Each structure stands twice: as structure tokens, then as C-alpha cells.
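Q: Below are the C-alpha cells for one structure; questions will follow.
Quick note: the coordinates plus some simple rules give every number you see, no bench work behind them. All values reported here derive from a predicted model rather than from experimental measurement. Cβ: placed from backbone, ideal geometry, glycine included. Neighbour counts: every protein chain shown.
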Amino acid sequence: MKTSDFNYHLPEELIAQTPLQRRDESRLLCLDKLSGALEHRRFYELPRLLRAGDCLVLNDSRVLPARLIGRRETGGAAEIVLLRDRGGGVWECLARPGRRIRPGSRLIFGDGQLEAEVLGESDGGGRLIKFEFEGIFMELLEALGRMPLPPYIKAELEDQERYQTVYSRESGSAAAPTAGLHFTDELLDEIRAAGVQVCFLTLHVGLGTFRPVKAENIEEHHMHSEFCVIPEKTAEAVSRTKRAGGRVVAVGTTSCRTLESFSDENGALRASSGWTDIFIYPGYKFKCMDALITNFHLPQSTLIMLISALAGRERVLRAYEEAVRGRYRFFSFGDSMMIS
């Protein structure tokens with residue numbers, strides 16, 4: 001299949017720049033993956049759309065304030081985004097201006113509480129940067145860093161917690177698992193009261209998720225790797241749900257990819273931790289996940305390819321056309337879909 005097969009027209013004004021005042025007031029477009037039927041709902045109605053015996057799986061990764069703005073020792077601005085901890089104080093990073101931040105460059109952040117040296121280049125044009133500091137690195141990052149919002153969001157975020165899910169707890173992501181931004185603690189309590197098992201896994205989201213697919217044929221695209229953890233309690237809950245005939249409902253493509261990476265052919269999930277670079281596109285046969293709650297994705301992205309594997313490309317593109325006509329809000333701070 002061609003990358004261009006997953007294109008659609010999106011007016012720029014539909015890209016949400018700020019979150020709604022209430023998380024669960026977002027709209028929810030429900031898509032029947034078999035018939036293609038569509039239904040317009042609100043996210044706070046989700047407890048009535050789930051069934052007793054379902055298992056709702058959420059990604060509890062927390063976004064690092066991974067955007068650091070500082071200066072080069074020789075003068076001039078420097079901005080980096082932390083992507084992956086390589087150990088020993090070395091991180092793989094994006095860097096701007098890339099032509100100025102070369103191996104050997106020294107960077108200074110804050111009043112010098114954090115300094116760094118560029119060791120070399122990493123895959124995809126990034127940089128390997130070694131940090132020098134006194135104290136605890138994560139505490140310095142909390143003090144000096146900013147949220148690494150996607151480039152299509154131009155507005156400043158007033159409340160940094162609005163780019164975190166209410167259940168985030170495991171720090172490590174370079175971007176939010178945005179399908180979970182619609183949940184409130186009260187909504188999760190209501191879902192549990194409806195007889196739905198709520199459980200958590202962790203996948204630390206890398207910015208590679210948002211990199212464009214450059215290959216003309218999607219089969220030639222290579223996914224980046226992301227680290228994930230499935231606790232024993234979650235593995236047991238998911239496996240028990242599959243045996244009982246309930247639905248496993250993933251919240252976000254990150255939860256989906258983790259479930260599919262560590263389940264067997266019968267959908268049984270094993271407790272595990274490790275890296276996944278699974279690429280899901282049409283033709284893939286889902287083993288574990290039965291339904292998906294997800295935001296609206298960029299044209300020609302691996303994420304729209306994933307949901308097309310679940311519901312069919314034509315049905316997904318028709319649903320997106322309907323969302324555009326209905327003036328839904330798109331991307332990270334936008335509205336949501338449920339595919340079931």
C-alpha cells in the first residue's frame with residue numbers, strides 16, 4: 001500500500017491549540033469497525049458505551065518536561081528535547097539549531113545548574129548529549145524544562161498538567177499518550193462501577209511516533225523502538241478478560257501496540273518489559289485488542305495506518321471526512337474516537 005493512500009484534507013483551523021476546560025467534555029465519534037456506522041457522542045458518555053466484563057487498558061506514562069532552552073557556551077540560543085536515556089548522563093536528543101550544535105559544543109541551561117557536552121550524532125539527525133550537574137537530574141529537569149508540545153501546537157500551555165493524563169505516574173515520555181487526556185478521576189470511578197476492569201501498562205512515547213512516513217510503500221517504513229512495561233496484575237486481568245469473552249479496550253495506540261507486542265496468538269498477555277518497534281498497518285490481524293479509544297491522527301501517519309488496520313482504510317477515511325464536516329477538533333488537544 002502507498003503512504004498517499006492514507007491522506008485526507010484537514011483545514012488548519014480544526015487543529016486544536018488548547019485543551020477544553022473540562023477533559024471529558026470532548027466529543028466522541030463512535031465507529032463500528034464492521035459496518036462503518038457512525039454515532040456522535042460526548043466522552044463523558046463512555047461508561048454507557050463500555051460493557052460489564054470489558055477490560056480498559058491505559059498507558060500510565062508521564063511526560064518529561066523534556067524541552068530545555070539554553071545557550072551555547074560560544075554564544076547563541078540552544079534548544080534540545082530529550083528523547084532517550086542512554087545511561088551515564090547521556091541522552092539522545094533533538095537539537096536546534098542543528099547546524100550550530102555540533103559534536104564538541106558545550107551547552108548551558110538556567111544559571112549554569114545544568115551544563116552539557118555534545119558527544120556526537122544519533123540516528124535520524126539527533127544528538128548524543130552528556131549532562132553535567134550536581135544533585136538529582138530529574139529535579140533539575142522539573143525546574144528548568146518545559147513540556148515538549150507537538151510542532152502543530154503554537155499556543156503556550158498555561159497549565160502544564162493538561163498535557164498529562166490524570167493517572168500518569170511513570171516518567172519517561174517525550175510526548176503524551178493523548179487518548180488518555182479525556183479521562184477524569186470521576187469518570188474512571190464511574191467506569192469501574194459499571195463492571196469494567198481498569199488496568200495500566202507503560203509505554204514511554206518517543207517523538208518518532210510523529211515523524212512522517214517517508215517511504216512511498218508503507219511496508220518499507222521502519223518504526224522506532226519504545227520501552228514498555230506490562231505488570232503482572234494487568235497481564236492477568238487482560239488474559240482473564242479474553243478467556244471470559246469480554247472485550248479488551250485499549251486507550252490509545254501506545255496501549256494497543258504494547259498489548260499486541262506481548263500477547264500470544266490467543267490474546268493471552270504476559271507480564272514483561274522491553275522494547276517494541278511493532279508497525280501495525282492494514283492486513284495485520286489483532287490478537288489481543290478488541291476496541292480502541294484514540295484521538296484523530298495526522299494524515300499519512302503510522303497512527304492512521306494502525307486504526308485502518310482495525311476498521312478498514314475506507315471506513316476510517318469516511319469517518320475522518322465526517323469529523324471534518326462536523327468541525328471536530330483534531331490531534332493532541334482535540335476530540336476522540338472509539339472504534340469497536
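Q: Quick one: how many lysine pairs does the chain have with C-alpha atoms less than 25 Å apart and a gap of 8 or more or different chains? Give me the count, please.
A: Within the chain, the lysine pair count is 13.
Q: Right, something else. For 108, 293, what's the fewest-to-most ordering of other Cβ within 10 Å of each Cβ?
A: Starting with the residue having the fewest Cβ neighbours, the order is 108, 293.
Q: Also, I was wondering about something else. What is the order of 61, 171, 273, fewest Cβ neighbours within 10 Å to most?
A: Starting with the residue having the fewest Cβ neighbours, the order is 273, 171, 61.
Q: Around residue 171, which amide H atoms from residues at least 5 apart in sequence, or from another chain, sit under 5 Å from its own amide H, with H modelled in the peptide plane?
A: Here 62 satisfy the definition.
Q: Per DSSP H run of n ≥ 4, the term is -39500 (n - 2.57); total these for the chain, divide by its residue number, and report the mean residue ellipticity at 222 nm rounded to 500 deg cm²/dmol. Intermediate values should be presented prior to the final figure.
A: Details: 7 runs with 66 residues, N = 340.
Rounded to the nearest 500, it is -5500 deg cm²/dmol.
Q: Calculate, axis by axis, the spread of Cα positions in segment 35-96 along the three principal axes, and write the results as whole Å, longest axis first.
A: If we take the Cα atoms of segment 35-96, the spans are 60, 27, 23 Å.
Q: What are the semi-axes of the equivalent ellipsoid of segment 67-144, taken as the square roots of 5 times the eigenvalues of the Cα gyration tensor, listed largest first and rounded to whole Å?
A: Square roots of five times the eigenvalues give 17, 15, 10 Å.
Q: Debye sum, Cα scatterers, segment 183-340, no solvent: what log₁₀ I/I(0) at q = 0.16, 0.17 1/Å?
A: Evaluating at q = 0.16, 0.17 Å⁻¹ gives log10 I(q)/I(0) of -0.98, -1.11.
Q: Now for a separate question. What is the distance in Å between the Cα centres of segment 85-100 and segment 133-192?
A: If we compute the Cα centre of each part, the gap is 21 Å.
Q: So how strong a dipole does the chain carry about its Cα centre when Lys and Arg Cβ are +1 and Asp and Glu Cβ are -1, to the nearest 20 debye?
A: On the way: 44 positive and 47 negative charges, 124 e Å.
It comes to approximately 600 debye.
Q: Between (i) 107; (ii) 138; (iii) 157, which matches volume of the Cα convex hull per residue in Å³ calculated for the structure shown?
A: Given (i) 107; (ii) 138; (iii) 157, the calculated one carries the label (ii).
Q: Report relative contact order for segment 67-144 in percent, whole number only (criteria: Cα-Cα under 8 Å, sequence separation at least 6).
A: 26
Q: Sort 168, 336 so that the residue with the fewest other Cβ atoms within 10 Å of its own Cβ comes first and the one with the most comes last.
A: Listing 168, 336 from fewest to most nearby Cβ atoms yields 168, 336.
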